[in-house]
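To keep things clear, I will list the structure first and then write my remarks on it.
The values are calculated or read from the model by the stated rules, or taken from the named source; none is laboratory data. From a predicted model like this one, the values you see are computed outputs, not experimental measurements. Here the Cβ positions follow ideal geometry from the backbone for every residue, glycine too, while neighbour counts run over all protein chains shown. Calculation scope for accessible area: heavy atoms of the full protein, side chains included, ligands and nucleic acids excluded. Shrake-Rupley method; radii C 1.70, N 1.55, O 1.52, S 1.80 Å.
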Amino acid sequence: MRSRFIPALVVLAMTAAACGDTTQAADSDPAPASVSDLSRVTSAASASDIDAAVAGNRLFAVESYLELASAADGNLVLSPASIRLALAMTWAGASGATAEQMAEVLHFDLPPDQMHAALNAVDALLASRNLEMAPGPDDEERKVVLTIANALWGQDGYGFASDFLDTCLLYT
């Protein structure tokens with residue numbers, strides 16, 4: 001397991017370079033934030049695709065916990081679903097062997113368009129559960145509220161392709 005998980009962390013650092021193209025000189029003013037021209041919508045995903053995304057979340061969660069727990073003393077807190085969603089954004093910009101290795105480690109078992117749509121649908125389902133839990137008189141009825149805030153930060157002087165930004169919009 002160690003040989004599968006550790007490369008994923010390295011891939012995170014390397015993928016940003018693979019996603020961008022040079023759009024400005026390094027000594028010029030910083031570029032404005034890169035954002036998609038589209039608005040976020042919840043993707044249509046089949047029940048079987050959503051099930052595959054959830055199953056991948058479980059597998060990644062167990063593998064992540066086992067890997068990190070074996071290297072840590074004391075308590076361990078992590079959010080594998082959030083980690084997986086953030087890495088899904090970098091996977092959107094990966095290609096070739098990098099994309100294949102990320103898909104294997106992160107258990108992205110669907111074609112990219114279907115996987116991104118399924119992960120977006122799972123994220124929307126999780127967010128909708130927050131809305132279903134109305135606070136009680138002393139806020140006793142309110143359960144755990146999940147908030148995921150993911151963003152990619154590129155190197156100054158490098159831009160992102162618009163189709164990459166459109167895909168990443170599914171996760172913001």
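Miscellaneous remarks
- Residues satisfying the stated conditions in segment 29-60, i.e. surrounded by 12 or more Cβ atoms within 10 Å (Cβ to Cβ), in a loop (DSSP other than H, G, I, E, B), at pLDDT 65 or above and not hydroxyl-bearing (Ser, Thr, Tyr): Ala45
- Identity of the residue in segment 61-79, within 16 Å of the chain's Cα centre (by Cα) and open to solvent by 40 Å² or more (accessible area, probe 1.4 Å), that ends up farthest from Ile50 (Cα to Cα): Leu78
- For Ser82: the one exception among (1) open to solvent by 80 Å² or more (accessible area, probe 1.4 Å); (2) among the hydroxyl-bearing types (Ser, Thr, Tyr); (3) at pLDDT below 90: (1)
- When segment 130-168 is limited to residues that are out of contact with any helix residue (DSSP H, G or I) (no Cβ under 9 Å at 6 or more places or on another chain) and part of a helix (DSSP H, G or I), the one that is modelled with the highest pLDDT turns out to be Asp163.
- Summed over segment 97-129, residues that are more than 21 Å from Ser162 (Cβ to Cβ), touching a residue at least 24 places away in the same chain (Cβ under 8 Å), in a helix (DSSP H, G or I) and aliphatic (A, V, I, L, M) total 9.
- Condition check for Ala26: modelled with pLDDT under 85, more than 15 Å from the chain's Cα centre (by Cα) and part of a helix (DSSP H, G or I): no
- Failed item, numbered, when Ala94 is tested on (1) assigned to a loop (DSSP other than H, G, I, E, B); (2) buried (at least 18 other Cβ atoms within 10 Å of the Cβ); (3) touching a Leu at 6+ places or on another chain (Cβ under 7 Å): (3)
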